[in-house]
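Let me begin by presenting the structure, written as structure tokens, before commenting on it.
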Amino acid sequence: MHDTAIIGEGRGANGEGRSAGGDHRSGEGRSTSGEGRSANGEGRRLDIEEIRRDFPILGTTVYGYPLVYLDNAATTQKPLAVLTAMDEYYKTINANVHRGVHYLSQRATDACEASRVTVADFINARHAYEVIFTRGTTESINLIAACFGKKFLQEGDSILVSGMEHHSNIVPWQMICEEKKATLKVIPIDENGELILGGLDAMLKSGVKLVAFNYVSNALGTINPAKEIIAAAHRYGIPVLLDAAQAIQHMEVDVQDLDVDFLAFSSHKLYGPTGIGILYGKEEWLNQLPPYQGGGEMIKTVTFEKTTYNDLPFKFEAGTPDMAGMIGLGAAVRYVQELGLANIQHAENELMTYALDVLREIKGFRLIGNGDAEHRAGVISFLVGNIHPFDMGEILDQQGIAVRTGHHCAQPIMDRYCIPGTVRASLAVYNTPAEMDRLAAGIRKAVTLLG
Amino acid sequence: MTIQESQDEIIGDFEVFGDWMDKYEHIIQLGKELPIIDSQYKTEDNLIKGCQSKVWLHAEYRDGKLYFTADSDAAITKGLVSMVIQVLSGHTPEQITNSEIYFIDAIGLRNHLSSTRSNGLLSMLKQIKLYALAYQAKSLQSKS
Ligand SMILES: Cc1ncc(COP(=O)(O)O)c(C=O)c1O
């Protein structure tokens with residue numbers, strides 16, 4: 001029933017979009033998600049087996065074993081609702097947006113803008129135009145690093161990041177700091193994989209112009225106290241960019257409640273298509289920043305003497321956007337809203353607790369980071385005995401179990417722990433306790449071979 | 001044994017294994033037979049790039065032939081390295097540069113090796129051939 005409801009919704013929304021885009025945007029889109037929240041928002045137990053049927057790829061066989069996909073932090077699989085929405089877009093309303101007077105262009109524009117509204121609603125942005133479509137988290141961070149840096153960063157200033165960042169939340173800041181002769185400062189982490197916040201105030205006082213950190217660590221799974229850090233930064237009038245790439249799919253993210261200034265995430269980690277992501281920015285900040293790239297869409301008037309820039313959000317969306325991606329992302333967000341993030345979080349927490357329980361029974365199992373299931377999301381980063389993560393990953397792969405191995409684009413963390421890398425099993429809503437058993441059995445087999 | 005003969009021998013050894021577990025067990029066992037690099041050569045310079053695991057490789061030129069020693073921090077990698085060295089060590093630079101390495105495909109590992117793994121293996125083969133080329137050039141120089 002639930003299954004058909006989702007797919008039905010997805011199709012309905014599409015059909016709706018086809019016949020009356022305006023409705024879809026304000027009426028249908030909103031009420032759908034609203035309904036999802038009120039009807040399913042609280043305490044509904046998700047039927048994981050039904051959810052799995054929404055994801056065709058989960059039926060894949062690998063070397064003769066049913067696939068156990070535990071590399072969700074790298075990218076999640078896509079439900080039919082997303083695949084169908086993108087397919088329908090190309091089949092029925094494909095046209096360039098925001099510029100055509102013709103019917104299809106209007107339809108495409110309406111559908112894309114409806115997705116913007118869906119995303120704004122999802123993260124509780126005050127205005128839809130505070131939601132900028134980018135290529136993903138990486139581009140969102142680069143955009144702020146470049147534009148904020150250009151406008152506000154001067155010699156001797158600093159940018160503050162944390163010691164558990166993904167390279168994409170380190171390197172863009174290093175680049176702009178180098179250009180502006182500014183410095184990059186780092187909030188240290190402890191053995192438990194938690195930020196050490198004792199020295200935060202002192203750091204903030206020392207010329208920090210912006211704070212950037214991840215809500216949830218992709219290498220450790222730690223949930224950082226975002227609200228607390230944001231409030232601290234704001235006491236000194238310092239804006240904050242939150243990398244929500246590993247949070248947005250696991251927990252409710254409310255930009256107004258967090259009072260965050262900039263927020264970045266990728267569609268492909270949220271059950272949506274690749275190649276598209278979001279930058280949220282508070283209107284007052286975005287309006288102060290210069291444009292990122294020049295081109296079509298982002299201008300109001302162009303002469304060879306002077307160009308005036310378009311308003312938000314288009315000022316930051318130069319060129320033809322990824323229309324199918326926008327629509328796919330909209331469908332992914334609606335899918336997640338249907339399930340309800342609170343329900344997803346509940347299910348994933350239960351699964352995390354179960355997984356940690358079965359994994360801890362393995363001799364030599366060593367969890368990297370915080371062992372408390374409530375303080376982590378999505379990611380189980382571990383080592384077993386002296387087995388190299390690469391060996392472990394390969395033997396798991398032989399058994400149809402997909403995990404990631406290595407430094408997870410967070411080399412500084414591995415250095416912090418003096419390890420070559422970890423094995424990372426990362427969860428999504430469609431993973432099951434039976435798959436955790438397969439993981440544990442797979443690890444045991446690897447231990448027999450390698451131990 | 002020629003390079004070709006060593007390869008054929010490895011291929012023959014693998015033919016008896018039915019399932020992947022046995023294959024891996026054998027590879028890991030071969031890793032234990034790897035001529036280990038002297039610790040003085042375990043330097044940054046001798047580290048091969050392109051592997052998720054670390055591989056150190058050292059070449060020694062004696063009586064017109066090249067001998068390799070190596071090590072890795074990962075067991076499966078060590079086994080693969082061991083096979084490559086078993087095949088190529090103790091041959092002249094010329095034989096090594098002219099050799100064609102086909103045993104990796106033939107033992108049916110290619111499908112199983114992750115692309116990072118086979119990239120690592122390829123960079124090691126490349127490195128070995130570079131050593132061989134360098135010594136070949138040197139010996140040509142000294143002859144002329
Ligand atoms: C915490 C974090 N930040 C940023 C990124 C980069 O995301 P993308 O590659 O989609 O731009 C990732 C993806 O691995 C991530 O986990």
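Here are a few things to note about the model shown:
- Unmet criterion (only one of (1) farther than 20 Å from A:Asp311 by Cβ; (2) at pLDDT below 95) for A:Thr92: (2)
- In segment B:19-78, the residues that are more than 28 Å from A:Asp397 (Cα to Cα) and either basic (Lys, Arg) or within 14 Å of chain A (Cβ to nearest Cβ) (or both): B:Lys42, B:Arg62, B:Lys65
- Yes/no for A:Met414 being outside the structural domain of A:Gly163 (by TED's automatic domain parsing), on the phi < 0 side of the Ramachandran plot and modelled with pLDDT of 95 or more: no
- Condition check for A:Arg376: surrounded by fewer than 24 Cβ atoms within 10 Å (Cβ to Cβ) and in contact with a strand residue (DSSP E or B) (Cβ under 9 Å, 6 or more places away or on another chain): no
- Count - residues of segment A:118-136 that are of a type in the set (Val, Ile, Thr), within 17 Å of A:Phe316 (Cβ to Cβ) and assigned to a helix (DSSP H, G or I): 1
- Residue check, A:Val101 buried (at least 18 other Cβ atoms within 10 Å of the Cβ), part of a loop (DSSP other than H, G, I, E, B) and modelled with pLDDT under 95: no
For every residue, the table says whether it meets (1) in contact with a strand residue (DSSP E or B) (Cβ under 7 Å, 6 or more places away or on another chain); (2) in the same structural domain as A:Asn142 (by TED's automatic domain parsing); (3) within 14 Å of A:Tyr129 (Cα to Cα).
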position	(1), (2), (3)
A:Val260	yes, yes, no
A:Phe265	yes, yes, no
A:Gly277	yes, yes, no
A:Lys282	no, yes, yes
A:Tyr292	no, yes, no
A:Val302	no, yes, no
A:Asn310	yes, yes, yes
A:Pro313	yes, yes, yes
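- Lone qualifier among B:Gly64, B:Gly12, B:Gly90 - being surrounded by fewer than 21 Cβ atoms within 10 Å (Cβ to Cβ) and touching a Leu at 6+ places or on another chain (Cβ under 9 Å): B:Gly90
- Any hit, segment A:302-314, residues being closer than 30 Å to A:Thr109 by Cα and assigned to a helix (DSSP H, G or I): yes
- Residues that are surrounded by 24 or more Cβ atoms within 10 Å (Cβ to Cβ) and either not in a strand (DSSP E or B) or not assigned by TED's automatic domain parsing to the domain that holds A:Ile327 (or both) within segment A:150-167 comprise A:Met164, A:Glu165, listed in sequence order.
- Test result for A:Ala226, modelled with pLDDT of 95 or more and either away from the ligand (no atom under 15 Å from the Cβ) or within 14 Å of chain B (Cβ to nearest Cβ) (or both): no
- Any hit, segment A:205-217, residues being more than 15 Å from the ligand (Cβ to nearest atom), at pLDDT 95 or above and buried (at least 21 other Cβ atoms within 10 Å of the Cβ): yes
- Of the listed requirements (1) of a type in the set (Gly, Ala, Ser); (2) closer than 22 Å to A:Ala347 by Cβ; (3) within 12 Å of chain B (Cβ to nearest Cβ), A:Gly451 misses just one: (2).
- Number of the condition not met by A:Val186 [criteria: (1) within 28 Å of A:Leu383 (Cα to Cα); (2) in a loop (DSSP other than H, G, I, E, B); (3) within 16 Å of the ligand (Cβ to nearest atom)]: (2)
- Subset of segment A:254-280 (residues that are within 13 Å of the ligand (Cβ to nearest atom) and closer than 18 Å to A:Ile344 by Cβ): A:Phe265, A:Ser266, A:Ser267, A:His268, A:Lys269, A:Leu270, A:Gly272
- Meets criteria (among the aliphatic types (A, V, I, L, M) and surrounded by fewer than 23 Cβ atoms within 10 Å (Cβ to Cβ)) for A:Leu341: yes
- Restricting A:Leu351, A:Leu329, A:Leu359 to those that are among the aliphatic types (A, V, I, L, M) and either without any contact (Cβ under 8 Å) to a residue 60 or more places away in the chain or within 16 Å of the ligand (Cβ to nearest atom) (or both) reduces the list to A:Leu329.
- For segment A:379-397, a residue qualifies if it is closer than 20 Å to A:Val358 by Cβ and at the interface with chain B (Cβ under 10 Å from one of its Cβ atoms), and the qualifying residues are A:Ile387, A:Pro389, A:Met392, A:Gly393, A:Ile395, A:Asp397.
- Pairs where the first residue, in segment A:398-412, is away from chain B (no Cβ under 12 Å) and the second is in a strand (DSSP E or B), C-beta under 7 Å, 6+ apart: A:Ile401/A:Val68
- Flag for B:Ile104 being in a helix (DSSP H, G or I), buried (at least 17 other Cβ atoms within 10 Å of the Cβ) and within 14 Å of chain A (Cβ to nearest Cβ): no
- The one condition in (1) farther than 15 Å from A:His166 by Cβ; (2) of a type outside the set (A, V, I, L, M, F, W, C); (3) within 14 Å of chain B (Cβ to nearest Cβ) that A:Thr422 fails to fulfil: (1)
- Of the residues in segment A:418-432, none is part of a helix (DSSP H, G or I) and either surrounded by fewer than 20 Cβ atoms within 10 Å (Cβ to Cβ) or among the aromatic types (Phe, Trp, Tyr) (or both).
The values are calculated or read from the model by the stated rules, or taken from the named source; none is laboratory data. The model shown is predicted, which means the values in this text are computed figures rather than measured ones. Don't worry about glycine lacking a Cβ; one is built from the backbone with ideal geometry, like all the others, and counts go over all protein chains shown.
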